[in-house]
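S.K.: Sending over a structure as structure tokens; questions will come in a sec.
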Amino acid sequence: MQDINPNQFLGRTIALPESRQLDVLAALFERRGARVRRCPLVSIHDAPDQATVVAWIRAFIADAACRDLIILTGEGITRLVQAAERAGLAEALIGKLQASRLIVRGPKPGRALKNWGLQPNIQAIEPTSAGVIATLASLPNLADRVGVVLYGTEENAPLQAAIRAHGATPVPVAPYIYASEAETSAVVALIDELAAGTIDALAFTSQPQYQRLANVAKLHERSAALQQGLARTRVAAIGPVMAAFLREQGVRVDVMPSDRYFMKPLVDALAEFWNQTTPSEMPS
């Protein structure tokens, strides 16, 4: 186990465009001496139409033909069970989950399921929607109706089309939404700080964070400043899906954990990166 050096990030400023677990991630950096620049870019909320979510839960519980459930995110299954608890349906939902084949996109939904004594039956061959689609092709006896706990409000048309191609009917539910509620002025200030070179590293943990950053830059004529800032700042991604997305947007990714794609390995990977980086290799 790696020892924590309280001076590992001494003199470094790390920007964290995180909201849901901002305090946890910030503390991991601050314990090692970093100055943390907090800029929440997105918030996560229960779906505003809770009646539709509860109706889905009731239908899922009663539907004997819906024996498979695809869970794309830990947030999704957590919000779904919480909605069931508020509606007095938690016991029935957990019983249905126990009787279902639970197919998860990656490790995070599996960790969330443990909160209710559950574990996934199948994890996708890679933690992407494409990985789920490929995994479905190898599954025997796909249920006639397949529940899908979506990522935010993204309908994931390719996944639903793949389910139909196997002769089944997708039954999606969106238990939560992303809301860009952070003050725009705070996002603009972060872009200006990146461009000025006062931020040493920027750690991304979800795609909506970058999307919000880029949208604000465009609206406030700071796209060039954002590009300049990202070019001179070390960019860390929590895992391969996030890294691939950033590269698709033309963003260089300097740091990514080699395995275990969550917060502590991200902090460890950035520390290791700087341990191996000489001053001449730092961006100017």
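A quick yes/no check of all residues on (1) at negative phi; (2) surrounded by fewer than 16 Cβ atoms within 10 Å (Cβ to Cβ); (3) free of Cβ contacts under 8 Å to residues at least 40 places away in the same chain:
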{"residue": "A162", "(1), (2), (3)": "yes, no, yes"}
{"residue": "Y176", "(1), (2), (3)": "yes, no, no"}
{"residue": "L194", "(1), (2), (3)": "yes, no, no"}
{"residue": "L202", "(1), (2), (3)": "yes, no, no"}
{"residue": "Q207", "(1), (2), (3)": "yes, no, yes"}
{"residue": "L219", "(1), (2), (3)": "yes, yes, yes"}
{"residue": "I238", "(1), (2), (3)": "yes, no, yes"}
{"residue": "P257", "(1), (2), (3)": "yes, no, yes"}
{"residue": "L266", "(1), (2), (3)": "yes, no, no"}
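S.K.: Let me ask something else about it. Need a quick list: helices (runs of 4 or more DSSP H) entirely within segment 74-140 having at least 2 residues that are of a type in the set (S, T, N, Q) and buried (at least 16 other Cβ atoms within 10 Å of the Cβ).
M.R.: It comes to 129-137.
S.K.: So I71 clears everything in (1) at pLDDT below 95; (2) in contact with a Pro (Cβ under 6 Å, 6 or more places away or on another chain) except one condition, right? Which one?
M.R.: So the condition that I71 fails would be (1).
S.K.: Does G33 satisfy being assigned to a loop (DSSP other than H, G, I, E, B) and either over 16 Å from the mean Cα position of the chain (by Cα) or crowded, with 19+ Cβ neighbours inside 10 Å (or both)?
M.R.: yes
S.K.: Quick one: would you say V216 is farther than 26 Å from G106 by Cβ, among the β-branched types (V, I, T) and touching a helix residue (DSSP H, G or I) at 6+ places or on another chain (Cβ under 9 Å)? Spell out how you get there, then give the answer.
M.R.: Values: farther than 26 Å from G106 by Cβ: yes; among the β-branched types (V, I, T): yes; touching a helix residue (DSSP H, G or I) at 6+ places or on another chain (Cβ under 9 Å): yes.
When the stated conditions are applied, V216 passes them.
S.K.: Look at segment 107-119 and say how many of its residues are of a type outside the set (G, A, S) and more than 11 Å from G74 (Cβ to Cβ).
M.R.: Selection size over segment 107-119: 3.
S.K.: I've got another one for you. For R222, indicate whether it is basic (K, R), at pLDDT 95 or above and touching a helix residue (DSSP H, G or I) at 6+ places or on another chain (Cβ under 6 Å).
M.R.: Here the answer is yes, as R222 does meet what is asked.
S.K.: Can you pull out the residues in segment 163-210 that are more than 29 Å from H45 (Cα to Cα) and not aliphatic (A, V, I, L, M)?
M.R.: Once the filter is applied, which keeps residues that are more than 29 Å from H45 (Cα to Cα) and not aliphatic (A, V, I, L, M), segment 163-210 yields R164, H166, G167, G197, T198, D200.
The values are calculated or read from the model by the stated rules, or taken from the named source; none is laboratory data. Note that the structure is a prediction, hence the values are computed from the model and not measured. No Cβ is skipped: glycine too gets one built from the backbone with ideal geometry, and neighbour counts run over all protein chains shown.
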